[in-house]
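Peer 1: Got a structure for you, written out below as structure tokens; questions coming shortly.
The values are calculated or read from the model by the stated rules, or taken from the named source; none is laboratory data. Every value quoted in this text rests on a predicted model; they were computed, and no experiment measured them. All Cβ positions, glycine included, derive from the backbone under ideal geometry; neighbour counts span all protein chains shown. Side chains are part of the model used for accessible areas, which takes the heavy atoms of the whole protein and leaves out ligands, DNA and RNA. Shrake-Rupley method; radii C 1.70, N 1.55, O 1.52, S 1.80 Å.
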Amino acid sequence: MTPWSDGGERVAVLGIGSVGTLLTYFLNKVGIEPVLIHRSTEFTFPVLKDLQSGEATIVRGRPARLNELADRSLEVVFLATKAYDAPPAAYGILRKLRREGVVVATQNGLGTFETVKSFVGGGRALALVLNCGVHRAEPGKAVFVGCSESFLGPSTVDKADEVAEILSFMPLNVVAEIDQFRWLKLGVNAAINPVTSLLRARNGVVLTNPSAHYLALKAVKECEAVGKAVGIVFPRDPVGELWRVASATKDNYSSMLQDILRGRRTEVDFINGAVVSRGVLVGVDVAVNRSLWHLVKELEGFHYD
Ligand SMILES: NC(=O)c1ccc[n+]([C@@H]2O[C@H](COP(=O)([O-])OP(=O)(O)OC[C@H]3O[C@@H](n4cnc5c(N)ncnc54)[C@H](OP(=O)(O)O)[C@@H]3O)[C@@H](O)[C@H]2O)c1
């Protein structure tokens with residue numbers, strides 16, 4: 001029997017946006033109808049449209065606001081907010097977590113997993129490096145483009161294998177060292193996201209436009225240098241990974257560009273900003289990441305007024 005499939009009341013997804021909807025869809029496929037922790041006044045069950053099959057599915061679960069949940073009732077919480085919303089949300093779920101409960105951080109970039117670890121302890125914090133494409137087409141509707149291999153870890157966390165089992169409908173590897181995969185994705189995001197946002201172009205622009213290509217290459221190389229300086233052993237060549245991802249997603253719009261176009265805050269502080277703050281600490285030149293970070297903040301600034 002799949003772990004926690006006895007109704008799903010001990011499994012929760014916090015943040016029912018694109019990723020929250022996709023994770024709920026995968027959990028539904030193994031018979032789990034999780035607690036759907038939301039913050040809206042009226043909850044509508046979201047629809048997931050799978051672009052590959054063409055099917056649209058209403059996901060199933062038990063909607064609840066955080067304060068409606070009993071203390072110490074949850075064993076697994078998937079934290080699926082944006083990175084900037086994650087610290088208060090993670091703090092809020094502390095009381096709702098059983099002593100042996102784990103939190104799974106799904107955020108791109110650096111910072112959220114570290115915050116979650118500091119709240120619940122390293123033995124109860126998992127990071128999911130989610131290599132899936134899903135975006136909100138309209139409120140309550142997520143469009144799922146597809147997944148390549150994702151990574152969950154560290155495997156030393158007691159429940160890592162059980163969490164992987166309930167996500168068996170996505171290609172997922174449990175790994176001992178998750179930080180190297182987080183940094184590998186950080187390099188790709190630090191290159192593609194700001195450059196496509198500044199040029200308002202699809203991901204493929206970093207392959208076809210010489211200036212975009214140059215900037216993306218500089219950004220990923222800085223990230224690689226910072227990562228190595230802080231002790232990260234990259235599982236693959238970050239530059240090769242950048243061109244591979246850019247090619248596989250060449251027709252997509254990056255999440256950062258989508259946020260800019262919708263007038264929403266981006267996660268640039270946790271991506272290029274994170275490369276810069278760590279680079280400064282270890283004395284690595286991060287001029288390109290700093291410039292990209294500041295320029296995207298300028299783009300965001302238009303929407304703060
Ligand atoms: N989308 C992808 O393809 C993808 C892939 C890999 C990783 N990720 C990472 O996954 C994370 C989530 O991305 P996303 O695209 O799913 O974002 P999203 O669509 O904006 O969804 C975030 C959801 O979190 C909710 N939320 C925020 N604070 C909350 C709180 N305190 N309590 C309850 N709900 C709360 C938001 O509610 P409101 O609607 O009220 O704001 C929203 O529904 C990001 O950090 C991203 O880097 C995304």
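Peer 1: Being within 9 Å of the ligand (Cβ to nearest atom), within 30 Å of GLY54 (Cα to Cα) and not small (Gly, Ala, Ser), is that true of even one residue in the stretch 146-164?
Peer 2: Looking only at the stretch 146-164, we keep the residues that are within 9 Å of the ligand (Cβ to nearest atom), and these are 150.
Now restrict to residues that are within 30 Å of GLY54 (Cα to Cα): 150.
From what is left, the residues that are not small (Gly, Ala, Ser) are none.
Within the stretch 146-164, none of the residues are within 9 Å of the ligand (Cβ to nearest atom), within 30 Å of GLY54 (Cα to Cα) and not small (Gly, Ala, Ser).
Peer 1: So GLU33 fits all but one of (1) surrounded by 16 or more Cβ atoms within 10 Å (Cβ to Cβ); (2) in contact (Cβ under 8 Å) with a residue 40 or more places away in the chain; (3) within 24 Å of VAL129 (Cα to Cα); what number is the exception?
Peer 2: (2)
Peer 1: Would a scan of the stretch 238-248 turn up a residue that is surrounded by fewer than 17 Cβ atoms within 10 Å (Cβ to Cβ) and within 16 Å of the ligand (Cβ to nearest atom)?
Peer 2: yes
Peer 1: Among the listed residues ALA191, ALA176, which satisfies the condition of being more than 13 Å from PHE151 (Cα to Cα) and either outside the structural domain of LEU152 (by TED's automatic domain parsing) or not basic (Lys, Arg) (or both)? Before the answer, list the steps.
Peer 2: Working: ALA176 fails: more than 13 Å from PHE151 (Cα to Cα).
Answer to the check: ALA191.
Peer 1: Under the condition of being open to solvent by 20 Å² or more (accessible area, probe 1.4 Å) and β-branched (Val, Ile, Thr), which residue from the stretch 1-20 is nearest to the ligand (Cβ to nearest atom)?
Peer 2: Restricting to residues being open to solvent by 20 Å² or more (accessible area, probe 1.4 Å) and β-branched (Val, Ile, Thr), the top hit is VAL19.
Peer 1: A further question follows. Could you list, in sequence order, all residues of the stretch 41-63 that are farther than 14 Å from VAL13 by Cα, within 13 Å of the ligand (Cβ to nearest atom) and open to solvent by less than 40 Å² (accessible area, probe 1.4 Å)?
Peer 2: Of everything in the stretch 41-63, just one residue is farther than 14 Å from VAL13 by Cα, within 13 Å of the ligand (Cβ to nearest atom) and open to solvent by less than 40 Å² (accessible area, probe 1.4 Å), namely LEU48.
Peer 1: Among the residues of the stretch 165-221 satisfying the criterion of being of a type in the set (Ser, Thr, Tyr) and buried (at least 24 other Cβ atoms within 10 Å of the Cβ), which is nearest to LEU261 (Cα to Cα)?
Peer 2: Just the residues of the stretch 165-221 that are of a type in the set (Ser, Thr, Tyr), to begin with: 168, 196-197, 208, 211, 214.
If we keep only those that are buried (at least 24 other Cβ atoms within 10 Å of the Cβ) too, we end up with 196-197.
Details: THR196: 12, SER197: 9 Å.
This residue is SER197.
Peer 1: For the stretch 249-299, give me the residue count where each residue is within 16 Å of the ligand (Cβ to nearest atom), assigned to a helix (DSSP H, G or I), surrounded by 19 or more Cβ atoms within 10 Å (Cβ to Cβ) and not hydrophobic (A, V, I, L, M, F, W, C).
Peer 2: Here the count works out to 5.
Peer 1: Another question, if that's okay. Output the number of the condition that ARG244 fails; it satisfies all remaining conditions of (1) in contact with a Cys (Cβ under 8 Å, 6 or more places away or on another chain); (2) under 18 Å from ASN131 (Cβ atoms).
Peer 2: (1)
Peer 1: Inspect the stretch 229-236 for any residue being at pLDDT 95 or above and open to solvent by less than 10 Å² (accessible area, probe 1.4 Å) and give the result as yes or no.
Peer 2: No, there is no match, as no residue in the stretch 229-236 is at pLDDT 95 or above and open to solvent by less than 10 Å² (accessible area, probe 1.4 Å).
Peer 1: If I ask for residues that are near the ligand (Cβ under 7 Å from one of its atoms) and open to solvent by 20 Å² or more (accessible area, probe 1.4 Å), which ones from the stretch 107-130 would you list?
Peer 2: Matches in the stretch 107-130: GLN107, ASN108.
Peer 1: Could I ask something else about it? Determine which single condition LEU184 fails, assuming it passes every other condition in (1) in a strand (DSSP E or B); (2) touching a Pro at 6+ places or on another chain (Cβ under 8 Å).
Peer 2: (1) is the only condition that LEU184 fails.
Peer 1: Moving on. Which of the residues belonging to the stretch 131-164 are open to solvent by 50 Å² or more (accessible area, probe 1.4 Å) and part of a loop (DSSP other than H, G, I, E, B)?
Peer 2: Scanning the stretch 131-164 gives PRO139, SER148, GLU149, SER155, THR156, ASP158.
Peer 1: Here is a follow-up. Give SER197, SER168, SER148 a once-over and let me know the one that is closer than 17 Å to THR266 by Cβ and hydroxyl-bearing (Ser, Thr, Tyr).
Peer 2: Numbers: SER168 fails: closer than 17 Å to THR266 by Cβ; SER148 fails: closer than 17 Å to THR266 by Cβ.
Matching residue, one of SER197, SER168, SER148: SER197.
Peer 1: Here's something else I'd like to know. Determine which member of the set LEU23, LEU66 is within 11 Å of the ligand (Cβ to nearest atom) and touching a Phe, Trp or Tyr at 6+ places or on another chain (Cβ under 9 Å).
Peer 2: Numbers: LEU66 fails: touching a Phe, Trp or Tyr at 6+ places or on another chain (Cβ under 9 Å).
Only one candidate passes the filter, namely LEU23.
Peer 1: Quick one: LEU74 ticks every box in (1) farther than 28 Å from ALA190 by Cα; (2) out of contact with any helix residue (DSSP H, G or I) (no Cβ under 6 Å at 6 or more places or on another chain) except a single one, so which number is it?
Peer 2: It fails just one condition, (2).
Peer 1: Working only within the stretch 75-106, note down all residues that are touching a Phe, Trp or Tyr at 6+ places or on another chain (Cβ under 7 Å) and near the ligand (Cβ under 7 Å from one of its atoms). Talk me through it step by step, then tell me what you get.
Peer 2: Start the filter on the stretch 75-106 by keeping residues that are touching a Phe, Trp or Tyr at 6+ places or on another chain (Cβ under 7 Å), which leaves 75-76, 83, 90-91, 94, 104-106.
Once the filter is applied, which keeps residues that are touching a Phe, Trp or Tyr at 6+ places or on another chain (Cβ under 7 Å) and near the ligand (Cβ under 7 Å from one of its atoms), the stretch 75-106 yields ALA83, THR106.
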